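Trainee: One structure coming up, written as structure tokens, with questions to follow.
Taken together, the values in this text are just the output of simple stated rules run on the coordinates, not laboratory data. This one's a predicted model, so the numbers in the text were calculated from it and none came from an experiment. Note: ideal-geometry Cβ built from the backbone for every residue, glycine included; neighbour counts use all protein chains shown.
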Amino acid sequence: MESLEADILVVGAGAAGLSVALHAAPRRVLLLAPEGPDATATSLAKGGIAAPIGRGDSVALHSADTLKAADHSASETAIATIVSAAGGAIDFLRESGLRFDGATDAPHLHLEAGHSIARILHADGDRTGAAIQRALWARARESAHVTIRRDLEAVDLITGSDGVAGALALRADGSAVAIRAAETVLATGGIGQLFAATTNPGHATGHGLAIAVAHGAAVAGLEFVQFHPTALRCDSDPLPLLTEALRGAGARLVADGRPFMAALDPRGDLAPRDVVARAVWSEQSAGRDVALDATEIFRSGAGAEFPGAHAACIAHRIDPARTPIPVTCAAHYHMGGIVIDASGHTSVPGLWAVGEVAHTGLHGANRLASNSLLEAIVVGSAAGRALAAGRRRDRPVATRSAVPAPFDARQSEWRRLREILWGAMGPVRRDPGLADALAQLQRLESMLAPAQRTLALRIALARSMIGAARARRESRGAHWRADYPNRDRRRDGADAVGIMGAH
Ligand SMILES: Cc1cc2nc3c(=O)[nH]c(=O)nc-3n(C[C@H](O)[C@H](O)[C@H](O)COP(=O)(O)OP(=O)(O)OC[C@H]3O[C@@H](n4cnc5c(N)ncnc54)[C@H](O)[C@@H]3O)c2cc1C
């Protein structure tokens with residue numbers, strides 16, 4: 001087996017992994033970026049990045065909005081630490097060549113649901129994430145201390161005498177590479193691909209989280225998955241996201257042609273994301289055809305403000321000026337993950353985590369829109385600085401690990417896993433469905449060959465997520481239990497582990 005050595009191995013090259021790599025100089029970084037910069041959730045982010053930099057805004061106000069969205073389960077320490085570093089994150093992006101929309105000293109600030117004041121920065125209109133990804137990627141490519149490998153995907157961690165000693169990676173042809181590293185950083189993004197319907201890119205399989213779980217890292221909030229209410233229902237994977245601003249501009253959700261939100265919530269189509277996602281799910285479960293009627297918007301010419309949504313419809317042969325757009329809710333963001341401290345340390349020596357794969361406690365049970373890019377950059381940068389300044393750890397002596405077969409996303413068991421999770425762990429959950437899903441996963445697992453370790457790890461993660469959802473006999477944030485529809489107030493604040501909890 002080929003082997004590589006690295007001072008610092010960063011697994012994943014979205015906003016979080018790139019922020020680590022850029023701040024870790026002068027230490028040498030090996031950065032894994034399978035399929036390059038565009039295969040990230042970062043490059044899909046359309047809304048923007050939140051920062052309390054406008055007149056009348058403050059860290060206290062942004063923190064209060066974040067805490068409210070989190071439904072009594074965020075870590076106030078995490079919120080204060082991350083929100084107060086937002087200005088520095090914006091400066092870092094500017095130094096990396098990003099131009100925010102508006103004047104340099106007065107960027108345009110936009111309002112989004114859940115924010116009490118306009119504080120969302122855009123770059124290149126509704127392509128903010130792609131602009132961030134391009135800027136950080138270009139800077140990493142120019143940095144002598146960073147080596148980027150697009151051909152390697154991590155399949156497991158290598159452990160040694162003193163914790164994690166690197167990672168085992170595969171090339172597309174199945175050949176294995178053992179990467180020995182003094183420090184290993186997981187920056188592998190979210191878990192959306194574990195669900196049959198998702199807005200997340202192909203690499204967001206939860207694999208980084210799965211290997212951390214398998215190696216005993218402390219995790220939290222695994223049951224907290226945010227669902228987007230309006231993804232375009234089509235045969236693409238991931239599903240294109242239809243921005244919620246369409247409903248803000250007057251588009252209406254209809255089921256079998258009839259509007260349904262006004263009867264469910266006084267805020268109608270403008271109810272919070274999780275309320276609308278549950279309503280869409282319920283209509284779909286009842287066999288009704290759910291669509292977003294935006295015909296007026298696209299007929300009147302106001303559709304020019306939604307070029308992304310228009311392009312996605314046309315690509316799927318839908319004319320949104322003539323017909324309502326077929327939609328589904330879809331897995332969108334994971335609030336749970338590997339528990340880390342303010343610098344990305346996990347509970348396992350030699351292992352770090354940043355970005356969506358990690359759990360700082362910022363989001364609690366529900367993420368406030370546009371806080372995730374902020375978190376990825378703030379905590380990624382802090383981890384990079386800590387790695388640059390920290391005591392050099394000797395590379396632990398690695399033990400041998402078995403090489404799994406290359407993963408084939410077309411295999412029937414993977415599709416089955418995604419269907420099972422979507423059915424039981426979607427926006428509406430009930431104990432009988434969760435128990436049945438666990439039993440099905442156990443059966444699936446028992447049929448796997450030893451070489452299917454990659455799938456086995458993901459099934460184990462799915463089981464942990466279901467276990468967490470069963471144990472939480474209440475509804476909180478994005479976790480809705482139809483059999484326990486109320487929040488258990490005795491648990492308020494009890495989930496505020498994270499940034500200061502691990503160390
Ligand atoms: C459609 C969409 C719109 C969004 N809009 C917004 C928004 O407007 N504002 C906001 O704040 N957030 C938004 N989010 C969420 C936000 O984009 C993500 O939370 C954030 O980009 C995560 O950054 P990350 O660096 O942790 O992960 P990613 O950007 O997903 O990067 C993960 C990296 O890890 C790599 N990887 C994964 N597995 C492996 C492996 N096994 N081996 C090697 N590499 C691996 C991937 O290839 C990729 O390079 C949106 C998400 C989506 C899907």
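Trainee: How do H479, H203 rank when sorted from fewest to most other Cβ atoms within 10 Å of their own Cβ?
Mentor: Ascending number of Cβ neighbours within 10 Å: H203, H479.
Trainee: How large is ³J(HN,Hα), in whole Hz, for each residue of segment 307-320 in order, when computed from phi with the Karplus curve 6.51 cos²θ - 1.76 cosθ + 1.60 and θ = phi - 60°, using x for Gly and Pro?
Mentor: Whole-Hz 3J(HN,Hα) from phi for segment 307-320: x, x, 5, 4, 4, 4, 5, 4, 4, 9, 6, 10, 9, x.
Trainee: Amide H to amide H under 5 Å from A45: which residues, 5+ apart in sequence or cross-chain, H placed 1.01 Å off N in plane?
Mentor: HN-HN under 5 Å from A45: G129, A130.
Trainee: Work out from phi, with θ = phi - 60° and the Karplus expression 6.51 cos²θ - 1.76 cosθ + 1.60, the ³J(HN,Hα) of each residue of segment 112-121, listed in order in whole Hz, and give x for Gly and Pro.
Mentor: Computed from phi, the couplings for segment 112-121 are 9, 3, x, 8, 8, 8, 5, 8, 9, 8 Hz.
Trainee: Scale the Cα Rg of segment 72-148 by the rule-of-thumb value 2.2 N^0.38 Å and send over the ratio, two decimals.
Mentor: Rounded to two decimals, the normalised Rg is 1.29.
Trainee: Using the alpha-carbon centroid of each, what span in Å lies between segment 468-498 and segment 50-106?
Mentor: 27 Å
Trainee: Which values of log₁₀ I(q)/I(0), to two decimal places, follow from the Debye formula for segment 111-185 at q = 0.17, 0.22, 0.24, 0.27 Å⁻¹ with a uniform point scatterer at every Cα?
Mentor: -0.84, -1.00, -1.08, -1.18
Trainee: Excluding A255 itself, what net charge comes from residues whose Cβ is under 10 Å from its Cβ, given Lys and Arg +1 and Asp and Glu -1?
Mentor: Taking every other residue near A255 into account, the sum is -1.
Trainee: A further question on this structure: For a distance above 13 Å, tell me the whole-number percent of Cα pairs in segment 315-359 that qualify.
Mentor: 66 percent
Trainee: How much net charge surrounds A358 when only the other residues with a Cβ under 14 Å from the Cβ of A358 are counted, with Lys and Arg +1 and Asp and Glu -1?
Mentor: -2
Trainee: Oh, and also: Quick one: which residues, 5 or more positions from A181 or on another chain, have an amide H under 5 Å from its amide H? H modelled 1.01 Å from N in the peptide plane, none for Pro or chain starts.
Mentor: A6, G166, A167
Trainee: Next question, about the same structure. Quick check on the chain: helices-only [θ] at 222 nm, where DSSP H runs of length 4 and up contribute -39,500 (n - 2.57) each and the sum goes over total residues. Nearest 500, please.
Mentor: Using -39500 (n - 2.57) per qualifying helix, the result is -10000 deg cm²/dmol.
Trainee: Right, something else. Taking Rh as the Kirkwood radius computed over C-alpha pairs, what is the Stokes-Einstein D of segment 230-329 at 25 °C in a medium of viscosity 0.890 mPa s, expressed in µm² per second? Before the final figure, lay out the partial values.
Mentor: Details: Rh = 13.4 Å.
Taking Rh from Cα pairs, D becomes 183 µm²/s.
Trainee: So, one more: Sum up the charges of everything whose Cβ sits under 11 Å from the Cβ of A13, counting Lys and Arg as +1 and Asp and Glu as -1, but leave A13 out.
Mentor: +1
Trainee: For the chain, would you read off the P(r) tail past 38 Å as a percentage of all alpha carbon pairs?
Mentor: When every Cα pair of the chain is considered, 21 percent fall beyond 38 Å.
Trainee: Rounded to a whole number, what is D in µm²/s for segment 240-394 from Stokes-Einstein with the Kirkwood radius over alpha-carbon pairs (37 °C, 0.692 mPa s)?
Mentor: Diffusion coefficient, whole number: 180 µm²/s.
Trainee: Can you find, among A302, S285, L242, the residue farthest towards the positive end of the dipole of segment 230-329? Put +1 on the C-beta of Lys and Arg, -1 on that of Asp and Glu.
Mentor: A302
Trainee: While we're on this one: Return the sequence-ordered ³J(HN,Hα) values of segment 174-183 in whole Hz as given by the Karplus equation 6.51 cos²θ - 1.76 cosθ + 1.60 applied to θ = phi - 60°, using x for Gly and Pro.
Mentor: Ordered by residue, 3J(HN,Hα) equals x, 6, 9, 10, 9, 9, 8, 9, 5, 9 Hz.
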